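The values are calculated or read from the model by the stated rules, or taken from the named source; none is laboratory data. Small disclaimer: the values here were computed from a predicted structure and weren't measured. When we count neighbours, we look across all protein chains shown, and the Cβ atoms used for this are built from the backbone with ideal geometry, even at glycine. Surface accessibility is based on the protein's heavy atoms, side chains included, excluding ligands, DNA and RNA. Shrake-Rupley method; radii C 1.70, N 1.55, O 1.52, S 1.80 Å.
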Amino acid sequence: MTKVLEYDDLALIAQGHAAFQLLWSGVNLNVFDYLSEHPGCDFESLRAGIGLELQPAKVLIIGLTSLGIIEKDGDSYRNAEVVEQTMVSGRPGNMREVLGWQHHICYPGLHYFLDSLKQNANVGLQHFQGDEDNLYARLAHTPELEKVFQDAMSSLSNTANELLAREVTFDDINHLVDAGGGVGTNAITLAKANPNLRVTVFDSPTVCERANANIAEQGMSDRVDTYPGDFFVRDFPEGIDAIMFAHMMTIWTPEKDTELLKRAYDALPVGGKVIIYNMMAYDDDTGPKSAALGSPYFLAIATGQGRLYSWQDYEGFLKEAGFSQTVRKELPRDHGVLVGVK
Ligand SMILES: C[S@@+](CC[C@H](N)C(=O)[O-])C[C@H]1O[C@@H](n2cnc3c(N)ncnc32)[C@H](O)[C@@H]1O
């Protein structure tokens, strides 16, 4: 049974654009950093701290207070606890980069959501330079946007990859390919957590260059490397015994995901593993919100094909690709891991 919608919930949805811009501006004007350093301060001190004139300060601070992002008790302001944990600069797990991706990439692209639904295509891609059919390839034309995107992916991975390292056994894996491994955030964390593990990041050439710089900076070049190319075209490296798709399978249709998993199956030895790590939608199509609200981006912008799939969708793709055993593991923040064994 889905939750009953109240008027207040509907108002928040209808004015979601304003709610997001209040949060984004709060981050960029250092409201949350200021409140973290001066909890309990009054309006005038907060206004002076963030350097706004009276009228805009009222608009911002009343907006943030009404949303519960900051809390007002008498004349004193402070960050909501979850904001203190996720929006203050320099804190591990902060979501500031993710908001940057939403502001610079998701917002302009989702303007074309209705057309994308009608045409079953990523009409929002027209906002981005280039003539390729997907966002990832087009971002290579705009390095500053590619950086915004990769910083957000790394930040999302940072909050999730410690869980992955902790919750999934890599003891019996010698050489893992991180397919679509981005700038190497997952690969570096996993290699650090598993001293016998070798990890190869398989991503596009421009992204691999960024990964190479990170790998060298972290002193991990002896066990982490890159393999540039398109994994629908280039074969997986030889001698591997596991392939991970972290935040990847949401990009494409079920047919393309199955094709990719078949390519992975063919590249693995018997007993080899494929690891799908993602936000997982419920099997009964009711949520969670984090997954359901992620799907429009894939349809309208990224590729025009994907969405956030459920556990049983992935199990179906794995079975179709030939994997016999699958194991589910639920993780916090609506994430999960599915392991398929050849
Ligand atoms: C959503 S990001 C996921 C990044 C990373 N796995 C993570 O969990 O943060 C998708 C990544 O897949 C890469 N990618 C997309 N299509 C690809 C393809 N056909 N071949 C290789 N890499 C691809 C993109 O460049 C991007 O780095």
Please report, in debye to the nearest 20, how large the charge dipole of the chain is about its Cα centre when each Lys and Arg carries +1 at its beta carbon and each Asp and Glu carries -1 there.
-> 180
dims of the chain, Cα set, principal axes, largest to smallest, nearest Å -> 66, 48, 42
Which one of 270, 148, 98 has the biggest mean-square fluctuation once the chain is modelled by GNM with Cα springs under 10 Å?
-> 270
Rule-of-thumb check for segment 7-86: C-alpha Rg over 2.2 N^0.38 Å?
-> 1.04
Have a look at 190, 70, 287 and report the one farthest towards the positive end of the charge dipole of the chain, computed about the Cα centre with Cβ charges (Lys/Arg +1, Asp/Glu -1).
-> 190
Computed over all unlike Cα pairs, the Kirkwood hydrodynamic radius of segment 176-322 in Å stands at 15.9
Per residue, accessible area of the chain with a 1.4 Å probe, heavy atoms of protein chains only, in Å², comes to 49
Give the span of segment 273-342's Cα atoms along each principal axis, as three whole-Å numbers ordered largest to smallest.
-> 34, 26, 19
Under 12 Å from the 7 Å Cα→Cβ point of residue 172, by amide nitrogen: which residues of segment 272-315?
-> 272-274
Length added when fully stretched, residue 282-residue 270, from 0.36 nm per residue minus Cα-Cα | 1.3 nm
Using Cα positions and a limit of under 24 Å, work out the lysines in reach of residue 262, with same-chain residues fewer than 8 apart set aside.
-> 273, 319, 329, 342
Considering the options 46, 271, 179, tell which one lies farthest towards the positive end of the dipole of the chain, charges being +1 on Lys and Arg and -1 on Asp and Glu at the Cβ, about the Cα centre.
-> 271
What do the square roots of 5 times the Cα gyration tensor eigenvalues come to for segment 70-136, in whole Å, largest first, as semi-axes of the equivalent ellipsoid?
-> 36, 15, 9
